[in-house]
Amino acid sequence: MSSSQLSRAGGTRPAARGTRRVRGTMAVSVSAALFAAVLAGCSSDSSSEEPAGGPEKSADRGPITLATGKDTTGTIQDQLDRWNKDHPKEKVTLIELPESADQQRQQFVQNAQTKSDAYTVLNLDPVLVSEFAANQWIDEIPAGDFALDKMLPSVVETGKYFGKQYAVPFNTNAGLLFYRKDLLDKVGAEPPKTWQEMKDTCAKVAKLPEGKGVDCYAGQFDKYEGLTVNFSEAVTSAGGTIVDEQGKATVDTPEAKKGLQFLVDGFKDGTFPKSSITYQEEDGRRAFQAGKLLFHRQWPYQWTLANATDGSSKVAGKFGIATLPGLDGPGRSSLGGLNLAVSKYAKNKATALDFMKYFASEENARTNLEVTSSAPPYAALYDDPALQKKFPYLATLKQSLDTALSRPPVVRYGDATAAIQESASAAMNGKKSVDDALAEMQKNLSAAIDEK
């Protein structure tokens with residue numbers, strides 16, 4: 001989840017999503033409330049009228065908008081330009097939200113709560129689909145209009161709620177381990193399969209003249225959605241879960257403790273640079289491209305940028321990609337990506353549906369892979385010889401996707417992720433013991449999940 005690519009343990013079980021309802025008013029930050037005030041005061045798009053029916057029942061056509069996280073790839077507008085050229089009376093305007101996944105969610109929620117028609121098509125983190133469908137902020141879409149049977153089944157499931165399709169995958173995502181192949185070759189090391197192997201390799205590289213100034217490892221450790229992703233990966237890679245098959249919180253366990261302890265110890269023993277406590281995706285990408293990291297947990301989009309030959313990357317042609325390491329063997333990624341949905345309050349829903357067919361098509365997914373190295377939802381693209389030659393990590397990415405797990409798909413996801421972030425961050429910053437942090441997280445996560 002690059003938060004801009006996005007983009008995420010407990011599986012993608014529709015049953016787990018379908019057993020909960022939102023109660024009360026969703027908690028939002030002060031900044032989100034301020035955003036709502038500005039939106040209500042400055043926009044003429046809000047409406048108290050609720051459109052009748054979903055996009056399959058609408059004949060309304062005309063201009064629409066696409067609301068999505070900040071496009072760090074710089075490619076979305078080109079895709080919209082191609083659509084707009086062929087549909088001059090149904091143009092799509094890009095609305096770029098902040099890079100942070102948390103801030104994106106706040107603005108999506110505020111737009112829905114004010115019943116604004118400012119956003120037509122929403123490019124949502126998959127874990128938000130349950131929340132938005134349960135609140136009736138997005139419409140059910142006609143699944144038969146999309147080539148869902150050609151997509152990875154686990155990815156398609158992220159767009160469902162109560163067995164109905166509310167969103168269609170635009171892309172998917174799984175975390176990967178980027179590593180400096182040139183430096184590993186110098187010490188005769190293979191990509192690590194365990195956390196200890198990674199630390200041992202870092203110690204060897206640190207003794208090289210070329211290893212001076214190169215830190216061991218970084219992920220996304222700032223207190224935002226990326227931390228929920230990285231915490232979930234640490235826990236599941238240690239054999240734990242965030243929620244169990246019954247949808248109950250399970251973070252106060254020996255396995256979860258091992259996962260969080262790995263993150264806490266990383267800062268204590270110097271495995272992680274102290275500066276990475278505030279890293280989001282782009283901070284780590286810049287550090288890796290500057291040659292300051294030996295290992296980096298990142299989404300696939302980094303491949304193209306780190307291989308740039310325009311002088312922006314010092315590691316072009318010098319790195320490789322592997323699956324994430326774990327406690328006793330290969331780790332497990334959180335499932336990320338972006339899903340397209342139609343706002344309940346949008347106008348011109350017939351146009352929105354046609355645009356989604358174009359934007360989420362296999363052809364467009366291929367183009368996105370070729371231009372930005374983003375992970376496609378279509379299974380066949382991973383077996384395409386031409387793509388495999390251009391992107392030799394595709395088999396590794398497919399392996400990571402095959403074992404990836406969703407973050408807890410609960411309706412009150414905003415409260416759930418806040419509970420995870422608050423406690424995990426406190427432990428990593430040394431403000432709470434691991435035991436106290438997990439006990440607190442268990443209590444608050446249970447409160448976010450349980451219906452009372």
Task: region 234-353 shape via C-alpha gyration tensor axes, a/c threshold 1.5 - done: oblate
Task: Value in Å of the Kirkwood radius, where the chain supplies the Cα pairs that are averaged - done: 22.2 Å
TODO: Would you mind computing, in nm to one decimal, how far apart the modelled labels at Glu210 and Lys443 are, each placed 7 Å from Cα along Cα→Cβ?
DONE: 5.1 nm
- [ ] Find how many whole Å separate the alpha carbon centroid of region 91-154 from the alpha carbon centroid of region 382-404.
- [x] 27 Å
- [ ] Note the full-extension length gain between Lys274 and Thr93 as 0.36 nm times their separation in residues minus their Cα-Cα distance, in nm to one decimal.
- [x] 61.1 nm
Open item on the list: Just the number please: accessible area per residue for the chain, 1.4 Å probe, all protein chains included, in Å².
Closed with: 39 Å²
TODO: Please give, to one decimal in nm, the separation of the simple spin-label points placed at Asp86 and Ala147, each 7 Å out from Cα toward the Cβ.
DONE: 1.3 nm
Task: Antiparallel content of DSSP bridges confined to the chain, in %, to 5 - done: 65 percent
- [ ] Round to the nearest 0.05 the FRET efficiency obtained for Asp383 and Asp436 when R0 = 35 Å and r is the Cβ-Cβ distance.
- [x] 0.15
Open item on the list: Rolling a 1.4 angstrom probe over the protein chains, ignoring ligands and nucleic acids, what is the accessible area of Trp83 in square angstrom, nearest 10?
Closed with: 10 Å²
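Classify region 306-429 from the C-alpha gyration tensor, please: rounded if a/c falls under 1.5, else prolate or oblate depending on whether a/b exceeds b/c.
Numbers: a/c = 1.78, a/b = 1.03, b/c = 1.73.
Oblate, because a/c is 1.5 or more while a/b does not exceed b/c.
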Open item on the list: Computing the accessible area with a 1.4 Å probe over protein heavy atoms, can you report the carbon and sulfur percentage for the chain?
Closed with: 49 percent
- [ ] List, in order, the whole-Hz ³J(HN,Hα) value for each residue of region 325-334 obtained from phi through the Karplus relation with A = 6.51, B = -1.76, C = 1.60 and θ = phi - 60°; use x for Gly and Pro.
- [x] x, x, 5, 10, x, x, x, 10, 7, 7
Task: region 214-221 - phi-based ³J(HN,Hα) in whole Hz, Karplus 6.51/-1.76/1.60, Gly and Pro as x - done: 9, 7, 6, 8, 8, x, 10, 10
TODO: Within region 383-426, which residues have the backbone N less than 17 Å from the label spot 7 Å out from Glu362 along Cα→beta-carbon, could you tell me?
DONE: 383-388
- [ ] Enumerate the amide H contacts of Phe295 below 5 Å, restricted to partners 5 or more residues apart or on another chain; note that Pro and chain-start residues carry no placed amide H.
- [x] Tyr217, Ala218
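Could you calculate the contour length gain from Lys314 to Gln77, that is, 0.36 nm times the residue separation minus the distance between their Cα atoms, to one decimal place in nm? Write out the running numbers ahead of the final one.
Details: separation 237, 0.36 × 237 = 85.32 nm, distance 2.80 nm.
Length gained between Lys314 and Gln77: 82.5 nm.
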- [ ] Tell me the GluC sites (Glu not before Pro) within region 388-452 that lie in a loop according to DSSP and have at most 11 other beta-carbon atoms within 10 Å.
- [x] Glu451
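The values are calculated or read from the model by the stated rules, or taken from the named source; none is laboratory data. These numbers come from a predicted model, not from an experiment. Neighbour counts are summed over all protein chains in view; Cβ atoms, including those assigned to glycine, are modelled from backbone coordinates with ideal geometry. Keep in mind that these areas ignore ligands, DNA and RNA; they rest on the heavy atoms of the full protein, side chains included. Shrake-Rupley method; radii C 1.70, N 1.55, O 1.52, S 1.80 Å.
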